[in-house]
Structure formats: C-alpha cells, structure tokens
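**Q** Mind looking over this structure? Questions follow.
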Amino acid sequence: MKGLYMLLFSALAFTTQAQNKFNLLIGTYTNTCQSNGIYIYEFDASSGEFKFKNSSEGIVSPSYLSVSADNKFIYAVNENGTQSTVSAFGYNAKLGKVNFLNKNDALGADPCHLINDSKNVIVANYSGGNIVVYKKNADGSISTVQQVVQHEGKGPNAGRQEKAHVHMVVFSPDKKFILSNDLGLDKVFIYKYNPNSKNEMLTLKGSVDVKPGSGPRHLTFSKDGKFVYLIQELDATLTTFSYDKNGSLKKIAETSILAKDFKGGTGAAAIKISSDGKFLYVTDRVDANNISVYKILKNGAIELVEQQSTLGKGPRDFAIDPTGNYLLVGHQYTNNIVIFKRDKTTGKLTDTGKKIELCSPVGLVFTKI
C-alpha cells in the first residue's frame, strides 16, 4: 500500500512538473546582430530555469509573433522597411520547431504587431500607417492581402507624428470588434469585425481621441472586459477607459508612469495584465528603462505598487508565464531577457539573477508544449 501511495505521489509530482513547463517564443531583430529570427526555449515556471530548444533559420526580423489558438501555427511580421512581409510557420510545440510555410507583402512599411483567429491574420503597419488583413489557407499559410485600411492625418509632434503610425491591433473580448492604436494621429480606432467577409473584414465604427502629442502605442483589456488600459509612447501617459459590448470607449482616468523627479527621455512600450486580472504592468524605455506595477481595483481604478529598473536597456516587450510565477523582460539594446520572480499576492517583482542572452529580443510569447 505504501508503495502504491509513493507511486501515485511520484506520478502527481511528475504531472505538476510537466504542467509548469512551457515554450517561450522570442521574436527578434536580425539587422543589428547575429540572429536566426525566431527562438524557442523551454521555460520551467516552477524554478525559472530555461533551456534552448530550437530556432528558425534566415528569417528577416520577425519582431512580433502571434500563435494560433490550436498551437499549430505561428504568424510573424518581418519588419524590414518598404520590403516588409508577413510570414506563416507550422509549429511543433513538443519539439520546439518552426517550419516556414509562406510569406506575403505587408503592403505597408514596418509591420509592428499582429493578431490571428481561425479565419484571418490582421497586421498593424507602423510606417505604412495602415491595417492589412490576410485570409488563412487550410494549411495555415496566408493569402495575399485581402483588405487594406489606410489611416490619414498627422499629430503635433513633427518628429514622430508626421503621418499615421498604426501601432497595434487587438480583439475585443467577444471578438466582435478590433481596436487599433495610431501613434501618429493620437487616436484609438474601433472597427467592427466581420471575419467571414471576403474583403471587408474591418468596417469603421468610430474612434476616440487621446491627449495631443501623447502617441498611443499599446492597450490591454481588463479581465472582465469592462476596462481598457492604454499606454502612450511619446509622453508616458497611461489612460483608463470604460468599455461596453457595443464597442464604445469612454475615458475615465489618466495618469503618468513617470516618476515625479524623472528627467530624461521616455518611450513607453508594453502593457499587460496578470492572468488573475489583479495587476497591470507597463515598461518604459529610452532613459527610464523601468517597469511600473499597478494594482487593479474592482472599479477599474489603478494604484501604483512599485516601479523598478528592468536591469537592461530598451525593454521593448515582456511576458508573464501562464502560472503567474515569473515575468520576463526582453531588452532590445542589451540583447537579453531578464527573468523576474513575481509575487502573486503583491504583484511585486524580484530579480532572479537569471538571463537569456540573445540578439535584440522584441516580442515574447508563452505557449503550451
């Protein structure tokens, strides 16, 4: 009987250990240092340990990645000026391997973000100032662009807002709408999403203006879908909106992620919420190079918990592992990913001393193995 208990205990321990292991996918820039493109590491969320599994070969600057819901395909933007493309890959999660399927022209310079569902791949072109939509083929590859939505205009910051700069596309929780931030126009656009349409997948519902010159970059929805948190790159403004199921945004609060005594350059980057919906995290680059932690209250308001250095330069993106135990920050300029232990009760971060060293990490995504 004792032997049976030991056997069951060992089996449970093994299962728990296996459940705590995930693949970490990393998109990189390939034009500044030696990089193969997409990297896959196995990450142990019980210990913070990691090991290299595989990488792509010869893929140009796959900076941001989007994984299909069935975990079988990866879609990547290939950020390369006017020669930019969007690529599709088969993905073997167990082996950590990617298999190039195809690529097509982005029809807009410097694609910087993308999302996908069972029907389409939707891409934000930063320098092109537009959104493009590809249909998915049965084998996971992508069609040529089926719809182009061009933004027009400019903002008050002559150096950064000389024209439209689409920076992100995000599904609403019910996938009936797609929200898109335009850094150049100081607007968040709301599009009605028609996934089955042949070439009018996105139809404009409206837009919301934010502070002139603030430069909206990335946003995230609260866990209950009732609030949207938007970080603005150019002046480090953090805006809270209420959101309703009709696709309407209403500004309810605004703050700055800059410390009161801070002097220097700012370039707010990524914004994400812990899977339990209790904490909001935001990175800032240029001279700040820090991450701010906020507690989310039941009414959607936020309270600053702490702000600390990310221990590198250019914290472009970060990811919280699916268990919530660790937060990993990718640094574009110091060529590493710093691993922080995360306190689930307080939201606070502690440096583990562990780092993944690799060329110019930009986008980080966890997947199941």
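The values are calculated or read from the model by the stated rules, or taken from the named source; none is laboratory data. None of these values were measured; they are calculated from a predicted model. A quick note on method: Cβ atoms are made from the backbone with ideal geometry, for glycine too, and the neighbour counts reach across all protein chains shown. In case anyone asks, the SASA skips ligands and DNA or RNA and just uses the protein heavy atoms, side chains included. Shrake-Rupley method; radii C 1.70, N 1.55, O 1.52, S 1.80 Å.
**Q** With the condition kept exactly as written, say whether any residue in region 268-286 is of a type in the set (Asp, Glu) and open to solvent by 30 Å² or more (accessible area, probe 1.4 Å). Before the answer, list the steps.
**A** Start the filter on region 268-286 by keeping residues that are of a type in the set (Asp, Glu), which leaves 276, 284.
Keeping just the survivors that are open to solvent by 30 Å² or more (accessible area, probe 1.4 Å) gives 276.
The answer is yes; a qualifying residue exists.
**Q** Taking strands (runs of 3 or more DSSP E) that do not extend beyond region 164-246, which have at least 2 residues that are over 24 Å from Ser274 (Cβ atoms)?
**A** Details: elements: 166-171, 177-182, 187-193, 202-209, 216-221, 227-232, 237-244.
Answer list for region 164-246: 177-182, 187-193, 202-209.
**Q** May I pose another question? Could you please find all residues in region 302-324 being over 25 Å from Phe262 (Cβ atoms), open to solvent by less than 30 Å² (accessible area, probe 1.4 Å) and not charged (D, E, K, R)?
**A** Residues satisfying the conditions are Ala319, Gly324.
**Q** Something else: Please indicate, with yes or no, whether at least one residue in region 201-223 is more than 26 Å from Lys298 (Cβ to Cβ), out of contact with any Phe, Trp or Tyr (no Cβ under 6 Å at 6 or more places or on another chain) and aromatic (Phe, Trp, Tyr).
**A** Looking through region 201-223, none of the residues is more than 26 Å from Lys298 (Cβ to Cβ), out of contact with any Phe, Trp or Tyr (no Cβ under 6 Å at 6 or more places or on another chain) and aromatic (Phe, Trp, Tyr).
**Q** Just wondering, is there one or more residues in region 148-162 that are touching a residue at least 40 places away in the same chain (Cβ under 8 Å) and assigned to a strand (DSSP E or B)? I'd like the intermediate steps shown before the answer.
**A** At the first step, the residues of region 148-162 found to be touching a residue at least 40 places away in the same chain (Cβ under 8 Å) are 148-149, 155-157, 160-161.
Add one more test, that the residue is assigned to a strand (DSSP E or B), and what stays is 148-149.
Yes, some residue in region 148-162 is touching a residue at least 40 places away in the same chain (Cβ under 8 Å) and assigned to a strand (DSSP E or B).
**Q** When Lys135 is evaluated against the numbered criteria (1) open to solvent by less than 30 Å² (accessible area, probe 1.4 Å); (2) within 20 Å of Lys103 (Cα to Cα); (3) of a type in the set (Lys, Arg), which criterion, by number, is the only one it fails?
**A** Among (1) open to solvent by less than 30 Å² (accessible area, probe 1.4 Å); (2) within 20 Å of Lys103 (Cα to Cα); (3) of a type in the set (Lys, Arg), the lone unmet condition for Lys135 is (1).
**Q** Another question, then. Looking only at residues in region 94-132 that are charged (D, E, K, R) and either assigned to a loop (DSSP other than H, G, I, E, B) or open to solvent by less than 20 Å² (accessible area, probe 1.4 Å) (or both), which one is farthest from Leu204 (Cα to Cα)?
**A** Pass one, region 94-132, residues charged (D, E, K, R): 94, 97, 103, 105, 110, 117, 119.
When the remaining residues are screened for being either assigned to a loop (DSSP other than H, G, I, E, B) or open to solvent by less than 20 Å² (accessible area, probe 1.4 Å) (or both), the result is 94, 110, 117, 119.
Numbers: Lys94: 40, Asp110: 23, Asp117: 19, Lys119: 19 Å.
Across region 94-132, the extreme among qualifying residues is Lys94.
**Q** Further question on the same structure: Hey, does region 10-23 have a residue that's over 21 Å from the mean Cα position of the chain (by Cα), surrounded by 12 or more Cβ atoms within 10 Å (Cβ to Cβ) and either modelled with pLDDT of 95 or more or assigned to a loop (DSSP other than H, G, I, E, B) (or both)?
**A** Taking region 10-23 first, the residues over 21 Å from the mean Cα position of the chain (by Cα) are 10-20.
Retained after the next criterion (residues that are surrounded by 12 or more Cβ atoms within 10 Å (Cβ to Cβ)): 17, 19-20.
With either modelled with pLDDT of 95 or more or assigned to a loop (DSSP other than H, G, I, E, B) (or both) added as a condition, the list becomes 20.
So far as region 10-23 goes, yes, one or more of its residues are over 21 Å from the mean Cα position of the chain (by Cα), surrounded by 12 or more Cβ atoms within 10 Å (Cβ to Cβ) and either modelled with pLDDT of 95 or more or assigned to a loop (DSSP other than H, G, I, E, B) (or both).
**Q** Among the listed residues Asn299, Asn336, identify the single one that is open to solvent by less than 20 Å² (accessible area, probe 1.4 Å), without any contact (Cβ under 8 Å) to a residue 40 or more places away in the chain and not aliphatic (A, V, I, L, M). Before the answer, list the steps.
**A** Numbers: Asn299 fails: open to solvent by less than 20 Å² (accessible area, probe 1.4 Å).
Of Asn299, Asn336, the one residue that is open to solvent by less than 20 Å² (accessible area, probe 1.4 Å), without any contact (Cβ under 8 Å) to a residue 40 or more places away in the chain and not aliphatic (A, V, I, L, M) is Asn336.
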